Amino acid sequence: MQINHEFLKVEGLSKTYVPGSAPVFENVNFDIAQGEFVCIIGHSGCGKTTILNVLAGLEEASSGYAYMLGREIKGPSLERGVVFQGHALMPWMTVLQNINFAVKSKFADWPKAKIEEHSEKYLDLVGLSAAKHKRPAELSGGMKQRVGIARAFAIEPKMLLLDEPFGALDALTRGVIQDELLKICSSTKQTVFMITHDVDEAILLSDKIMLMSNGPNARIAEIVENTLPKNRERATMHHDPMYYPMRNHLVDFLVHRSKLVQQAASSGSPVSNVTDITQRLKPKLVRPGKDHPLSNPSIQIN
Amino acid sequence: MDKVSIKIKGAVLSIIIFFMMLSVWHLATMPKSGTGKSEATVIANPTSSQSEYDLLMGKGSKDVPAEMKSGFPTLSQMGETFYKQLSDPFYDKGPNDKGIGIQLAYSLGRVSLGFLLALLVALPVGFLIGMSPLLSAAFNPFIQILKPISPLAWMPIALYTIKDSSISGVFVIFICSIWPMLINTAFGVASVRKELLNVAKTLEVSPLRKAFKVILPAAAPTILTGMRISMGIAWLVIVAAEMLVGGTGIGYFLWNEWNNLAISSVIFAIVVIGFVGMLLDMFFAKLQKMVTYAD
């Protein structure tokens, strides 16, 4: 597989909010190839949103760098579209106007008709053409989030950053939009970085899942390659033989190992069962169900 | 259905209350039959010097008893005043005798001029204060000290420096209507949801476009509330200011009629001030509704 590892590169990222106290996360290193869908999972307070904000250019890291296509990320850019946790639509604008606003920001010299046509194309993609003249307050939570997604796609960014976009939605709506997102992303080969709390969502959508240990002193403990076949579907994916090894691995991490990694990191013990000195810098790559010894790590409490 | 019936019931009740107030007024100002008659008989047979004096004072020749004229006006006298004033609102018979329409136009002109000037200052300054915590901290003590000063307290300084009573009136309106607009603009701008600003940031929206397309619409309801409060205060203050400086305007009209002891005209002016104030408030309420959005 020919992949460009230099598409997005994060090196030694750390963030300390209160000077002198322990960093929320540190030594975060990873890279994302073009066209990859990467999810990041971790407990609240491990700094996932901060990492996303750094990639978006909305926040600055205390140390470390993030590069996209070889250039350091130093501020917000139209090359990276963001879908916010709350939908963040302008409440005084209609759905179409919201998307027009974004499109006009990217393609400032386009005539009005072209902007509108472009916006409607993306509204159609998320199935909201009928609601284009409604205001956000008249839409359901799921519809608002879809508008947010359409707005992010409409500026045709090189990379899409999604901050727990479906967190506030009910399971049914979430499933429908996940399917839509999967469809759009696979057809556009969009590179995506997404925060989620939902293990199944991560398995369904992503190529790679980054697991973060608990904060403070959080880090990326493992990078899990999704071993399920590419053409997975929400309805049938749990019958795949790889599904349970994958799911168990992720859940085990969240329940047990996320804490152990943190303890090992903050106690400063150089060697532990979970991390050794080399993995402090580079998280190990795990392929549940395939690399047998790694897929079922012995869970050791104490 | 229920809402409509409550509205109708309310309107009916308002009319009933209105007529009750009128009848109280009528009963209170009715010529007293007992003592009134005896006084009337006294006046009916005046001495020659007395009747000459009365004539000189413009009284006595009419059939209305003299004490009724200087007393509180009856409803019919009020009706007469309303009719006379409203049938010819724009007459101009010299500096002390202008129609109510002309006087109102002077007052409204001063109010709108002072208000607009205040708006021109308050909007940009409020924007800056709202955007910058530093400027907010720097300006805050001045605003807090200047805000509670009665606008009329500025009048001597205005008269001394500007040397024109009419422009001084405008200045007083300016100084009283600037504070609510300034404070509300700053507050509205400062409390624009961070999410929306982040959207603008990630879309690389230029500062000017951000100000007009994101911050202004987001803060517009709060700004309009400030404008509505300012207009209310300005309309309160203009009457007092015009009483003080004289010349023209509804406040001057009211004070002039008091000097004439024309109580019915004073009451007429009060009612007109109330109505115009209500219309101004309704206008801003409508504007406010136009820019308010459901979140």
Legend entry - From B:Val271, B:Val291, B:Val214, residue being away from chain A (no Cβ under 13 Å) and β-branched (Val, Ile, Thr): B:Val271
Inset, instruction - With respect to A:Gln85, determine if the residue is surrounded by fewer than 21 Cβ atoms within 10 Å (Cβ to Cβ), in contact (Cβ under 8 Å) with a residue 24 or more places away in the chain and within 14 Å of chain B (Cβ to nearest Cβ). - result: yes
Inset, instruction - Determine, yes or no, whether B:Thr225 is surrounded by fewer than 22 Cβ atoms within 10 Å (Cβ to Cβ), of a type outside the set (Lys, Arg) and either at the interface with chain A (Cβ under 7 Å from one of its Cβ atoms) or in contact (Cβ under 8 Å) with a residue 60 or more places away in the chain (or both). - result: yes
Legend entry - Sole residue being away from chain A (no Cβ under 14 Å) and within 12 Å of the chain's Cα centre (by Cα), chosen from B:Leu254, B:Leu279: B:Leu279
Legend entry - Those residues of the stretch A:102-145 which are without any contact (Cβ under 8 Å) to a residue 24 or more places away in the chain and among the β-branched types (Val, Ile, Thr), in sequence order: A:Ile115
Inset, instruction - Having 1 or more residues that are closer than 18 Å to B:Leu128 by Cβ and more than 22 Å from the chain's Cα centre (by Cα) is the bar; report the helices (runs of 4 or more DSSP H) wholly within the stretch B:138-215 that clear it. - result: B:165-190, B:194-202, B:207-210
Legend entry - Enumeration of residues in the stretch A:121-144 that are assigned to a helix (DSSP H, G or I), more than 13 Å from chain B (Cβ to nearest Cβ) and touching a Leu at 6+ places or on another chain (Cβ under 8 Å): A:Leu123, A:Ser129, A:Ala131, A:Gly141, A:Gly142, A:Met143
Legend entry - Test: residue in the stretch B:243-254 that is more than 30 Å from A:Gln97 (Cβ to Cβ) and without any contact (Cβ under 8 Å) to a residue 40 or more places away in the chain: yes
Legend entry - the stretch A:5-62, residues that are of a type outside the set (A, V, I, L, M) and within 14 Å of chain B (Cβ to nearest Cβ): A:Thr49, A:Thr50, A:Asn53, A:Gly57, A:Glu59, A:Glu60
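Conditions tested, residue by residue: (1) outside the structural domain of A:Met194 (by TED's automatic domain parsing); (2) within 20 Å of B:Glu195 (Cβ to Cβ); (3) crowded, with 17+ Cβ neighbours inside 10 Å.
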| position | (1), (2), (3) |
| --- | --- |
| A:Val28 | no, no, yes |
| A:Asp31 | no, no, yes |
| A:Cys39 | no, no, yes |
| A:Ser44 | no, yes, no |
| A:Leu52 | no, yes, yes |
| A:Leu55 | no, yes, yes |
| A:Leu58 | no, yes, yes |
| A:Ala66 | no, no, yes |
| A:Gly70 | no, no, no |
Inset, instruction - For the stretch B:256-295, enumerate the residues that are surrounded by fewer than 15 Cβ atoms within 10 Å (Cβ to Cβ) and more than 23 Å from B:Ile233 (Cα to Cα). - result: B:Trp258, B:Asn259, B:Asn260, B:Leu261, B:Ala294, B:Asp295
Legend entry - Tabulated pairs, the stretch B:193-209, first within 7 Å of chain A (Cβ to nearest Cβ), second buried (at least 18 other Cβ atoms within 10 Å of the Cβ) and of a type in the set (S, T, N, Q), C-beta under 8 angstrom, 6+ apart or interchain: B:Thr202/A:Ser77; B:Leu203/A:Ser105; B:Glu204/A:Ser77; B:Glu204/A:Ser105; B:Val205/A:Ser105
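The values are calculated or read from the model by the stated rules, or taken from the named source; none is laboratory data. The model shown is predicted, which means the values in this text are computed figures rather than measured ones. Using ideal geometry, Cβ is built from the backbone for each residue, glycine included, and neighbour counts are taken over all protein chains shown.
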